[in-house]
Protein chains: 2
Amino acid sequence: MARSGTTQKVTRIQREKTQAIMDAALDVFSRHGFRGSTIDMIAKTSGFSKPNILYYFDSKEAIFAELINRLLKDWLEPLIALDDHGEPVDEVCAYVRRKLDLAQAFPRESRLFANEILQGAPHILPQLAGPLRDLVDQKAQVMDRWITEGRLAPCDPVHVIFMIWASTQHYADFDVQVRAVLNTPESDDHFQQAAIHLDQMFRRMLTPA
Amino acid sequence: MARSGTTQKVTRIQREKTQAIMDAALDVFSRHGFRGSTIDMIAKTSGFSKPNILYYFDSKEAIFAELINRLLKDWLEPLIALDDHGEPVDEVCAYVRRKLDLAQAFPRESRLFANEILQGAPHILPQLAGPLRDLVDQKAQVMDRWITEGRLAPCDPVHVIFMIWASTQHYADFDVQVRAVLNTPESDDHFQQAAIHLDQMFRRMLTPA
DNA sequence: CTCTTATTTGACCAAATAGTCAAATTTTTT
DNA sequence: AAAAAATTTGACTATTTGGTCAAATAAGAG
């Protein structure tokens, strides 16, 4: 018996299988969204039978929920790491860089998140209005202080944060479009270009006159 | 008999109904993506019966295709309007403004497009690699000329365009998240804030030293 | 090795879904 | 007002889908 959330010895097989299933599910959900994905797709991708998958997870819903909850933690981390004792412009640019690296390293996670938000965030709206908002407010306050100290150019910190999210995640979420426009079906070269571009731009935006 | 694409007199009812169906379909597809949407949802949203919808469109696929093809035209227009005889920074900022207005006025279209790209652009990849790429290349050349003339700050024009797309569409596609973070469930106030913010930022990015 | 527990799956079910069709109804034409 | 054409829909089919279950198999404890 696996499944239930009660305290129970977790076998090696359980650990490995749940991980493999979640990995396959990430593949599928990130491409097709929740409603567009089927357990059969996850079964095929992972190589396990459908009943076997449902032995480890109660439902399709449960797989998705588990995925997105783990995701949210990693998602906040780069912003948490923004250090109010650091050099303002460098700190923001370092944050941009961390977000871009995350988009490059975890494009599936980024797309999963984008899909969820596009569909109205049915699973994580509370977390957005709670922990995420609190974190953004807190870091926006830090940036406001930097502005009054004349160490950061005047701006609307929250919208700057939106701009960072948008312009970094774009390279993961709109990957296909980026590749089509740049005519680079293979290779991740454009991430290097993007890193240079974004650093340059955010420096200009935020360096005090 | 409606349906077939051959030349045929189009009745008033045909015009009105196809329009109503496409409007309902936009609602549904933009929220759930292609695979996550059902003809029944479109039927319920539009108030017509399912067979009635299939009287006007050959298939679910056909409705989606029609929607996304019409969309693509409107999508390119703001960039086409970027005038190479205008004042560089003003031109780019005007483009930003047009894109943001579009995101505010047509959020469903923006989400539909985002959904399509997220899923790998199965329906419009050729258009991205064709007309879109050509247009972007052309406008990037204009911007490159402005840079050599010293009328635009040095930058990578294509990535600037990506940045414009990302940061404007963010307000439509990630609407739920924006509202959650700003704590403004109602009202479109944040679009006004965004307009000011984006104009300020892109001016700083692109005004020559 | 043997007993117990954990894992795996083929066969199945009920609901949802894309799409069909003939018959009924409405609109337009004459 | 008829006749012809266009529109509408209830009932239907075949397929897909989320999920169940009992029986079979594999792992682990003693």
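Here are the numbers:
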{"quantity": "DSSP loop GluC sites (Glu not before Pro) with at most 13 other Cβ within 10 Å: longest gap in chain A", "calculated": "A:1-148"}
{"quantity": "Relative contact order (percent, whole number), the stretch B:67-174, Cα cutoff 8 Å, 6+ residue spacing", "calculated": "41 percent"}
{"quantity": "Contact order normalised by residue count of chain B, Cα under 8 Å, 6+ apart, percent", "calculated": "24 percent"}
{"quantity": "Nearest-20 debye value, the stretch A:58-167 charge dipole, Cβ charges on Lys, Arg, Asp, Glu", "calculated": "300 debye"}
{"quantity": "For the protein assembly as shown: rounded, prolate or oblate by the Cα gyration tensor [a/c cutoff 1.5]", "calculated": "oblate"}
{"quantity": "Distance from the stretch A:165-209 to the stretch A:77-120 (C-alpha centre basis), Å", "calculated": "13 Å"}
{"quantity": "1.4 Å probe, heavy atoms, protein only - residues of the stretch B:95-137 losing at least 40 Å² accessible area vs chain alone", "calculated": "B:Ile117, B:Leu118, B:Gln119, B:Arg133"}
{"quantity": "Å² per residue, accessible surface of chain B at 1.4 Å", "calculated": "45 Å²"}
{"quantity": "Ascending list, in nanometres, of distances separating the A:Leu76 label from those of the other copies (7 Å, Cα toward Cβ)", "calculated": "4.4"}
{"quantity": "B:Thr38 versus B:Thr11: modelled label distance in nm, points set 7 Å from Cα along the beta carbon direction", "calculated": "3.0 nm"}
{"quantity": "Sites matching trypsin sites (Lys or Arg not before Pro) across the stretch B:71-160 that sit in DSSP coil, with at most 16 neighbouring C-beta atoms within 10 Å", "calculated": "B:Arg151"}
{"quantity": "Tilt relative to chain A, helix A:60-80 - C-alpha long axis, 0 to 90 degrees, to 10", "calculated": "20 degrees"}
{"quantity": "Label 7 Å beyond Cα on the Cβ vector: A:Asp90 copy-to-copy distances, nm", "calculated": "4.0"}
{"quantity": "Label distances, nm, A:Ala20 versus same residue in remaining copies, Cβ-directed 7 Å point", "calculated": "5.3"}
{"quantity": "Computed helical MRE - 222 nm, chain A, DSSP H runs ≥ 4 contributing -39500 (n - 2.57), nearest 500", "calculated": "-23500 deg cm²/dmol"}
{"quantity": "Expected-Rg normalisation [2.2 N^0.38 Å, Cα atoms] applied to chain A", "calculated": "1.18"}
{"quantity": "Candidate lysines for bridging to B:Lys17, where Cα separation is under 20 Å - those fewer than 8 sequence places away on the same chain excluded", "calculated": "B:Lys9, B:Lys44, B:Lys50, B:Lys60"}
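The values are calculated or read from the model by the stated rules, or taken from the named source; none is laboratory data. Source: prediction; values computed, not measured. No Cβ is skipped: glycine too gets one built from the backbone with ideal geometry, and neighbour counts run over all protein chains shown. SASA here: full protein model, heavy atoms, side chains in, ligands and nucleic acids out. Shrake-Rupley method; radii C 1.70, N 1.55, O 1.52, S 1.80 Å.
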